[in-house]
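To keep things clear, I will list the structure first and then write my remarks on it.
A short reminder: the numbers here are calculations on the coordinates, not readings from a lab. Everything numeric here is computed off the predicted structure, so don't read it as measured data. Virtual Cβ from ideal backbone geometry, glycine too; neighbours counted across all protein chains shown.
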Amino acid sequence: MIKILVVDDHKMFVDGLESILEHEEDIKILHKCYTAREVYQDGRLEEVDIILLDINLPDQSGLDICRNLSKEYKDLKILVLSMYDEESYITEILKSGALGYILKNTGRKELITAIKTVASGKTYFSEAVTKTIMNGLMNKNKAAKNSEKIMPKITRREREVLEHIIQENTNQEIANKLFISLKTVEAHRSSLLSKLNARNTAGLVRITIENKILEKMSA
């Protein structure tokens, strides 16, 4: 028997869950909480297998409840039922210890599947949530690729020249300090302007600082 605690501040929704699950022989709603305070004051949490948790509660975020209960009750499994199909919510709640995330407009069959899957210790996400997670990963990969484009391949000597340019040294001063010819410094400066797509020295300095190019090369 899978024993459930429902945590949601919408009584009509909770009543709907009860009507959906009341005929399931192996699933039972033990009790219901409408606020975070009621959850923490409930003395029967150790009897529960799964919490069906809403994110948006009147006195505390479901994210905080998830974090707190996951630390205190290691065997307690949390399945989120939410209206929010946003990557930031989904990512944070999963980091907080939830095993599953489905939307409140899900059907009876999927709800029962999600409950049984999470009860077995596996993760479950509705199709829409999975798409949101995948889109988030794709966007992050695109951002990473764009970041790589900003970071062209710069040679060790070009880096040394760039460091001196940032320090406002003239071409001749750079040549003297690096023991290379003035023409070599000018060639490196020209190469850096091209690689970083800068029009002049001021632009070169701005792009280097804004994109933390020297820090990235040191990492």
Inset, instruction - Collect residues whose amide H, placed 1.01 Å from N in the peptide plane, falls under 5 Å from the amide H of Tyr124; neighbours closer than 5 in sequence don't count. - result: Gly100, Tyr101
Inset, instruction - Determine the dipole magnitude for the chain: charges of +1 sit on the beta-carbon of Lys and Arg, -1 on that of Asp and Glu, nothing else is charged, the reference point is the Cα centre, and the result goes in debye to the nearest 20. - result: 1640 debye
Inset, instruction - Using the Cα centre as the reference, give the magnitude of the dipole from point charges on the C-beta atoms of region 38-88 (Lys, Arg: +1; Asp, Glu: -1; all else neutral), rounded to the nearest 20 debye. - result: 200 debye
Inset, instruction - Give the residues of region 182-219 whose amide nitrogen is closer than 12 Å to a point set 7 Å from the Cα of Arg156 in the direction of its Cβ. - result: none
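Can you list the trypsin sites (Lys or Arg not before Pro) in region 160-207 that are in a DSSP coil and have 10 or fewer other beta carbons within 10 angstrom? Write down the numbers at each step before the final one.
Working: sites: Lys177, Lys183, Arg189, Lys195, Arg199, Arg206; in loops: Arg199.
In loop regions of region 160-207 (DSSP not H, G, I, E or B), the sparsely surrounded trypsin sites (Lys or Arg not before Pro) are Arg199.
Check region 150-218 and count each lysine pair with an alpha-carbon distance under 20 angstrom, considering only pairs eight or more places apart or from different chains.
Details: Lys153/Lys195; Lys153/Lys212; Lys153/Lys216; Lys183/Lys195; Lys195/Lys212; Lys195/Lys216.
Count of close lysine pairs: 6.
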Legend entry - ³J(HN,Hα), Karplus 6.51/-1.76/1.60, whole Hz, each residue of region 24-29, x for Gly, Pro: 7, 5, 9, 10, 9, 7
Inset, instruction - Take the Cα radius of gyration of region 150-218 and divide it by 2.2 N^0.38 Å, with N its residue count; two decimals is plenty. - result: 1.00
Inset, instruction - Could you work out which residue, out of Ile78, Ile55, Ile154, moves most in a Gaussian network model of the chain, that is, has the largest mean-square fluctuation with Cα springs under 10 Å? - result: Ile154
Legend entry - Spin-label model distance (nm) - Ile112 vs Asn176, 7 Å beyond Cα toward Cβ: 8.5 nm
Legend entry - Spin-label pair Lys11/Asn200, simplified geometry with 7 Å Cα→Cβ offset, distance in nm: 7.2 nm
Inset, instruction - Of the listed pairs Lys11/Lys71; Lys11/Lys131; Lys3/Lys77; Lys71/Lys95, which have alpha-carbon separations greater than 19 Å here? - result: Lys11/Lys71; Lys11/Lys131
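Taking square-rooted eigenvalues a ≥ b ≥ c of the alpha carbon gyration tensor, is region 2-136 rounded, prolate or oblate, where a/c under 1.5 means rounded and, failing that, a/b exceeding b/c means prolate?
rounded
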Legend entry - Karplus-derived 3J(HN,Hα), 6.51/-1.76/1.60, for each residue of region 85-96, Hz, glycine and proline x: 9, 10, 4, 5, 5, 4, 4, 5, 5, 6, 5, 7
Legend entry - Charge context of Leu99, other residues only, Cβ under 10 angstrom, K/R +1, D/E -1: +2
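For region 44-84, which trypsin sites (Lys or Arg not before Pro) are both in a DSSP coil and crowded by at most 15 other Cβ atoms within 10 Å? Walk me through the numbers before you get to the answer.
Working: sites: Arg44, Arg67, Lys71, Lys74, Lys77; in loops: Arg44, Lys74.
Answer in residue order: Arg44, Lys74.
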Inset, instruction - Work out how much length Lys74 to Asp59 would gain on full extension: take 0.36 nm times their residue separation and subtract the Cα-Cα distance, in nm to one decimal. - result: 3.0 nm
Inset, instruction - Report the net charge of residues surrounding Ala175, where surrounding means a beta-carbon distance below 10 angstrom and charges are Lys +1, Arg +1, Asp -1, Glu -1. - result: 0
Legend entry - Highest-MSF residue in the chain out of Thr130, Thr113, Thr170 [GNM, Cα springs under 10 Å]: Thr170
